[in-house]
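Notes for the one structure printed next.
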Amino acid sequence: MPAPQRRSRARDKNNVLARPEFISLNQSATSPPEARNYNRKQSGQYGNASEGARERRQSQPLPEEDCMQLNPSFKGIAWNSLMAIDIAMSKRLGVCANSTSSWASARSMVKLIGVTSHGLSWIVGTLICLWNSNTLAGQEVLVNLLLALLLDILTVAGLQKLVKRRGPFEMSPGILDYLVLDVYSFPASHASRATMVSKFFLNHLVLAIPLRILLVLWAFSVGFSRIMIGRHHISDVMGGFVIGYMQFNFVEIIWLPSNTCQMLISLW
């Protein structure tokens, strides 16, 4: 009996497939049911975990700047295109925006044009004229002009605070701008004030034709100067023109008569 056992051991030793590194080749391709069930459970758990993670990622809201509107409306496309053109043209026309601009040498002169329409200078000038006025008609016009100037400052400041639009170039407002609440870009307060004042004078003062033309040119030059120094966009100035004209019409509707003006002057 020992001889057959020795022969079987020798045969097993000579069998290459009996070595440990080749044992997996001798096993059957079909795994036991327990192993199959275990593998299926493991894959099911991994699949459920990946699906749960995918659902959580989809349920989390993305930041607004990371969202892309794949099918924008025609109105949105047109609005964004107009805003892009407005910004590009405003930057191109800002030839006096800083010391490195093409017209930097003319910056002081262009800023001086804007100062002629500053709210503080107009309010102080109107009060001085009202103090020195002796006629009832002149006092009536000056009191209503002062009312229009105050209305312009409050209206433009409220709209600027509501819109909070920055100018085409990074620049901080001056001290005089903070005094009249002219901090943001839209609408352009200088343009609205120049439009309202010029229309006011054209309607309530007897002026020669050259002076009337100069008033209109002054209003347009004030608005364009604000674009040249990089303080406002083109749309800001256009909005200022429209708001100034609307303010003039509103002041005409609520025009204070002479007796009311005299009562306000007496209180002052």
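The values are calculated or read from the model by the stated rules, or taken from the named source; none is laboratory data. On a predicted model such as this, the values are computed, not experimentally measured, just so you know. Quick reminder, even Gly has a Cβ in these numbers, built from the backbone with ideal geometry, and neighbours come from all protein chains shown. Note: accessible area is taken over every heavy atom of the protein model, side chains too, but ligands, DNA and RNA are not part of it. Shrake-Rupley method; radii C 1.70, N 1.55, O 1.52, S 1.80 Å.
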Ordering of 125-136, 235-246 by packing [mean C-beta count within 10 Å, highest first]
235-246, 125-136
Once you keep just the Cα pairs under 8 angstrom separated by 6 or more residues, what percentage relative contact order results for segment 84-161?
16
Points 7 angstrom from Cα along the Cβ direction at L256 and A104: gap in nanometres?
4.8
Ignoring ligands, DNA and RNA, what accessible area per residue does segment 131-185 give at 1.4 Å, in Å²?
58
Need one number: nm distance between label points at L154 and V242, each 7 Å from Cα along Cα→Cβ, rounded to one decimal.
2.3
Per 0.36 nm of contour for each residue apart, how much would the distance between R165 and L205 grow if the chain were fully extended, relative to their Cα-Cα spacing?
10.8 nm
For an R0 of 22 angstrom, estimate the FRET efficiency from the Cβ-Cβ distance between M89 and K111 and round to the nearest 0.05.
0.60
What percent of all Cα-Cα pairs in segment 173-252 falls in each 5 Å bin, counting up from 0?
3, 17, 24, 22, 18, 10, 5, 1
How large a share of the accessible area of segment 165-226, in percent, is made up of carbon and sulfur atoms when the probe is 1.4 Å and the other protein chains stay in place?
72
If packing is taken as the mean number of other Cβ atoms within 10 Å per residue, what is the order of 205-216, 172-183, highest first?
172-183, 205-216
Pairs from K91/K111; K111/K161; K75/K199 whose Cα-Cα separation, in the structure shown, is over 26 Å:
K75/K199
